[in-house]
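Written out below as structure tokens is the structure these notes cover.
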Amino acid sequence: MAVQLTIVGLGQIGTSVGLALADQTELLYRVGHDLDVRIARQAEKMGALDKVSINLPSAVKDADMILLALPVDQIRETLEVIQNDLKEGSVVMDTGPVKQVVADWATELLPPGRYYIGLTPVINPIYLHEIDSGLTAAHPDLFRDGLIGIVSPPGVPSDAIKLAADLTRLLGASPLFADPLEMDGLVAATHLLPQLLAAGLLNATVEQPGWREGRKVAGRSYAEVSAPVMYPTEPKTLTTAAMLNRENVIRVLDSVVASINAMRKDLLEEDAQSLEERLIRARRGREEWLKQRIAADWTAEETTSIEAPRASEMFGRLIGVGRKKKNGKD
């Protein structure tokens, strides 16, 4: 009997998960739900789902795994809606950018015997410069050669964590186990900060004195640095994520302010050598990061060798979840 995975939210991440698992029909039954039924139907036509469920409680009531691929400002409300419809032994996962707060919500709202695992997907490096969002940015290999951070609150059974790791490997990614607070710090620096810096640049230039002419000469550098404010998060969602993770966000903003002030000091003191050294160091840092990110060879550093689990092994140890035996065989 196939394990039911219900995907709630069918944007880039949710639809890509469904597409990546399209060849696992004997193992997984993919149910999808989205507030916009048209999007859900389109995801189904793309081959990301086996079934669309319009009603959210019905979508999750038979699910062994529930993946909330939602903006963080929608997660608590969704947990409140589905909490009484989750079957015993089910595992609720999310892909939002804030983990500790969501883990606290899950601890508060999920009934006993239902477990929360947080996932932080890191996409395939070939899509780093893609600017599309939503369904148009969904790919079956979106997670291949990437990492998926896995976090869990205290008391979550090891079999539930193994379930998340097995799913990660089926998506073509490597699992990276982390503490929720640690993951929040990493995401604040690498996901939220670039979007906030883009907003800062725009607010410091657009509609300011001189922009009437400045808009005419703003070129590639301006376009690339300001782009993160546009994708894939709505302003309300980014605001919520920053507020829920404000201690880490303030810390990384302070670091950027200190770095900018150091360059400002170089300019005030006409210290061209110091400024050039900072720029060289920054350029080398980016080159090294991009080279490592494209190579995606993290195995030796922080992950174990990955091998997609066989159907006979997948989900088998989780109480209430897995393939049922027929005639004494799996």
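Of the residues making up the range 138-151, those that are of a type in the set (A, V, I, L, M) and in a loop (DSSP other than H, G, I, E, B) are A138, L142.
A Cβ distance below 6 Å, combined with a sequence gap of six or more or placement on separate chains, defines the contacts here; from the range 65-79, residues that are farther than 20 Å from G113 by Cα reach residues that are among the polar types (S, T, N, Q) in the pairs A69/T95; P71/T237; V72/T240; D73/T237; D73/T240. Scanning the range 131-148 for residues that are in contact (Cβ under 8 Å) with a residue 40 or more places away in the chain, closer than 18 Å to G96 by Cβ and touching a Pro at 6+ places or on another chain (Cβ under 9 Å) returns S133, G134, A137, L142, F143, G146, L147. Do we find that P121 is in contact (Cβ under 8 Å) with a residue 40 or more places away in the chain, surrounded by fewer than 22 Cβ atoms within 10 Å (Cβ to Cβ) and within 16 Å of I66 (Cα to Cα) in this structure? Yes; evaluated as a whole, the condition is true for this residue. Exactly one residue among K216, K236 is among the basic types (K, R) and either under 18 Å from I123 (Cα atoms) or touching a residue at least 60 places away in the same chain (Cβ under 8 Å) (or both), and that residue is K236.
Look through the range 262-291, keep the residues that are more than 29 Å from L128 (Cβ to Cβ) and surrounded by 10 or more Cβ atoms within 10 Å (Cβ to Cβ), and return whichever of them is nearest to the chain's Cα centre (by Cα). That would be R264.
The requirement of being buried (at least 19 other Cβ atoms within 10 Å of the Cβ), closer than 27 Å to P111 by Cβ and free of Cβ contacts under 8 Å to residues at least 40 places away in the same chain is satisfied by V31. Residues being modelled with pLDDT of 95 or more, charged (D, E, K, R) and either under 24 Å from G185 (Cβ atoms) or not in a loop (DSSP other than H, G, I, E, B) (or both) are represented in the range 28-38 by at least one member.
May I ask you to say which residue of L119, L135, L163 is touching a helix residue (DSSP H, G or I) at 6+ places or on another chain (Cβ under 7 Å), of a type in the set (A, V, I, L, M, F, W, C), assigned to a helix (DSSP H, G or I) and closer than 23 Å to A48 by Cβ?
L135
Evaluating V98 against the criteria (1) within 27 Å of V225 (Cβ to Cβ); (2) of a type outside the set (S, T, N, Q); (3) out of contact with any helix residue (DSSP H, G or I) (no Cβ under 8 Å at 6 or more places or on another chain) leaves one unmet condition, (3). For R41, state whether it is basic (K, R), surrounded by fewer than 18 Cβ atoms within 10 Å (Cβ to Cβ), not assigned by TED's automatic domain parsing to the domain that holds T239 and not in a loop (DSSP other than H, G, I, E, B). Spelling it out, R41 is indeed basic (K, R), surrounded by fewer than 18 Cβ atoms within 10 Å (Cβ to Cβ), not assigned by TED's automatic domain parsing to the domain that holds T239 and not in a loop (DSSP other than H, G, I, E, B). For the range 1-28, name all the residues that are over 20 Å from the mean Cα position of the chain (by Cα) and either closer than 22 Å to V72 by Cβ or surrounded by 16 or more Cβ atoms within 10 Å (Cβ to Cβ) (or both). Passing the criteria: A2, V3, Q4, Q24, L27, L28.
The values are calculated or read from the model by the stated rules, or taken from the named source; none is laboratory data. Quick caveat: nothing in here was measured; it's all calculated off a predicted structure. When we count neighbours, we look across all protein chains shown, and the Cβ atoms used for this are built from the backbone with ideal geometry, even at glycine.
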